[in-house]
Every structure is written in structure tokens, then in C-alpha cells.
1. Give me the accessible area of D97, 1.4 Å probe, in Å² rounded to the nearest 10.
2. Relative to the longest principal Cα axis of the chain, at what angle does helix 188-201 sit, 0 to 90 degrees, rounded to 10?
3. Not counting ligands, DNA or RNA, and with a 1.4 Å probe, what is T164's accessible surface area in Å² rounded to the nearest 10?
4. How tilted is helix 61-73 with respect to the longest principal axis of the chain? Cα atoms for both, answer in degrees (0 to 90, nearest 10).
5. By how many nm would the segment from L150 to M32 lengthen if fully extended, with 0.36 nm per residue of separation less the alpha-carbon distance?
6. Please determine, in degrees from 0 to 90 and to the nearest 10, the orientation of helix 298-320 with respect to the longest principal axis defined by the Cα atoms of the chain, where the helix direction is its Cα long axis.
7. Any idea what % of Cα-Cα pairs in the range 130-183 are farther than 14 Å?
8. To the nearest 0.05, what FRET efficiency results for R127 and R7 with a Förster distance of 56 Å applied to their C-beta separation?
Amino acid sequence: MENGAKRWGFQGKQGLDAASATNVRGYFNLLMGNINQDNSSVVVPLGHGDPSHFPSFRTTPAAEDAIVDALRSAKHNCYATTVDYLNRDLSYKLTPDDVYLTIGCNQAIEVVTAVLSRPGANIFLPRPGYPHYEPWCAYNHLEMRHYDLLPEKGLEVDVDAVETLADENTAAMVIINPGNPCWNVCSYEHLNKIAETARKLGILVIADEAYDNIAFGSTPYVPMRVFGLTVPILTLGSISKRWVVPGWRFGWLVTSDPDGILQKSGVINSIAGFLNISSDPATFIQAAIPQILENTKEDFFSKIISTLRECADICYNRIEEIPSLTCPKKPEGSMFVMVKLNLSMLEDINDDVDFCLKLAKEESVIILPGIAMELKNWLRVTFAIEPSLLQEGLARVKAFCQRHAKKQ
């Protein structure tokens, strides 16, 4: 009792604050809080994948015009369809009933983790992977089992390990392609092997394709839904990355299941049920989508890919100049690269979090610690910023590593 008041019957839910502290935003806030305010140097953001405010990554005018037209039409309360866009490269056809609109790709993650969280169920997540899955799995009491990506095989899925991890309670495995936080793009052959393995295990595949078509290496991008005749697939996507508009928060969850297995298992009804009690994307964004898809010219995508390729080369080459950092392979897709931190070559650096905190304070450079992606003593570096600023940021990282290098 306090001040004579009765005992109150409410309290916060335990675990939510801990879960949020270990995701990208939690670490980003921690690092920004460590910036030395007396340092007049511009902060170089190498920690997250939002290049939208850099001139080299401005979205196409076709997308901006579509939004303006939708707003001014006073007819933007209708729902738009993305089926034609998603039907490309398929031997079967999606229908509007296969497509569920979400508030960005993150809401789609929230949907699938909630839908699959029956008592005792488990799900396979990649390591390293996108850290939005772990807190939502924990929140929904969905057991997480991590499988490794193999650096010596171009970050392919360790399929043998996946088979070992599976049991009768395994519901699904998450595939992120192109990779986030890694730089890999899966080949057709490897994706086919994953589909065959999932079919053998009786589990569905959650294909996180937030970075769809952002590939600039020797391996062409292949959407996982191509294998929908082999295994049921839930594809998560958005316009955030390819159109460089993450703040618009428009995404989708697509069921690729021509054999109707997801319908028979109740997954479809559960998805619809979840979305019936949650918010929808803004209606004017929905209304603008057909015009955005139809009017965006290929030269816009080509320009973005060309800029990303240039930045990836800069990032890889500059990191190669720093002895205490190792980049296993030149990036081929996405907007990130995972870099191995060699602590034995550094003084006064305890781990990846310590490295990033001190880098932020001393050099005003933000890099995300690998522990946020379940990969301790690695670093996630984004190269999707202005090339000149990327050069400056990596020069500061080099100076920081030289200053903290162990004396010979």
C-alpha cells in the first residue's frame, strides 16, 4: 500500500523491454546515445539500411507522383492489388486472395510468428539474420532454433544442420534472400535444395524478400515462390528497399500454395484472422501502388543497382585495408556486409558492442554490433549511403582501428 491507495491490478509485461533492447533500434539508440556531443564531425550512419535521405538514393518521381495523384483524387479509399507484379516468373498464377497487404515487411513478420505459434511449435531462423524475428518469436512463445549460414560456401544454408534440427513440432524455416544482414544472393539450385528439404521435413518456407531484385553480383535473383509447387511458401516483401521508401510502410504477405496445403491446415484462416484485428496500410499508399508499379522505369532500378555496386566495392576495398577487420567476400546483394572483428589485434576492445560504442564516441561513426544478429564479435556495416560519406566513414574506422591496434 502506498499513500493509503489500494493495490493496483496492473503491471507491465515482463520481457518486452528486454526484447526491444536487443533489436536493431535498441542498439541504434544505445550507440547514438554514446556520440560525443562536443565532436563537431558529422555522424556517419553505417548502422542501418535507410538510404532514402541521400540524393543518390532518392526514389523515382513516378512513385512520388503516384502518391500525390492518389491524395488529390479523393478516391484513395480503395484497395490496390500487387498480384501482376508478384506473378512474374511463376509457372502458376497467384490470385488476389493469395495477397495480404501489411504495414511494411515488419508487420508481415509479426503475422507469421503469431500464426505459427501453436503450443510447442518451433521455427528455424538463420544465423546471422534479421533481428526482428527473435523478439516476436519470444513474444509469441514460438521456440527459435538457429541454423548457420556457411561463409566458406558463399553463405549458403547449412541444409544438413537444418535436417538435424527438425522434429515433429517444427513448423517453418525462414530464408532471407537477398541476405540481410549478409551480402549473399541464393542461386536457383540452392533454393531448389532448400525447397526439397522443407518438403521432406513437412515444413513451410517463409521467404523474406524485403530486398527482392537488389542483386549486383554474378548470381541472378530468384524469388522463392518459384518453388511453390514443391513446398508451401509465405513470401514477405515491401516497396521499402527497391523503391527506397521505408517510411511509406507498405508491404505484403503472399501465399504460394497451389496445392491448397495452407488452406487445409488453417494457416490461411489464421492470417486473415490476425489481419482482421490489426491495422492496414494507409489507403492512399494502397491506391498509388498500381501507378507506382506501372510507371517506374527500369532505368531507376538500374541506377540504384549501379550505385549500390559502386558503394559495395568501396566498402569491401576499404575494409580490406584494415588488418583487424575481415570481410569474407565482396557483397553481391542487399545493402549490408558482415565483417569479422579480430579482437586479438586490438587493445582495450572487449567485444563487438564495446567496439561500436567506442567508435561512436571517438569517431561519430555508427556501426551495428553483430550480436544483434546472433553473431558475436562481428559487425554489420551498411554501404547504402553517399559514396563520399562512405569513404569518410570507413577512413574514420581505419583511424580508430589503428589507434587501438596492439603494439608490436
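The values are calculated or read from the model by the stated rules, or taken from the named source; none is laboratory data. What you are looking at is a predicted structure, and each value in this text was computed from that prediction instead of being measured. All Cβ positions, glycine included, derive from the backbone under ideal geometry; neighbour counts span all protein chains shown. Surface areas here come from the heavy atoms of the whole protein model, side chains and all, with no ligands, DNA or RNA. Shrake-Rupley method; radii C 1.70, N 1.55, O 1.52, S 1.80 Å.
1. 120 Å²
2. Helix 188-201 and the main axis of the chain meet at about 60 degrees.
3. 110 Å²
4. 50 degrees
5. On the way: separation 118, 0.36 × 118 = 42.48 nm, distance 3.17 nm.
Roughly 39.3 nm would be gained on extension.
6. Relative to the chain, helix 298-320 is tipped by roughly 40 degrees.
7. On the way: 853 of 1431 pairs.
For the range 130-183, the fraction of Cα-Cα distances above 14 Å is 60 percent.
8. Working: r = 44 Å, r/R0 = 0.78.
Taking R0 as 56 Å, the efficiency between R127 and R7 is 0.80.
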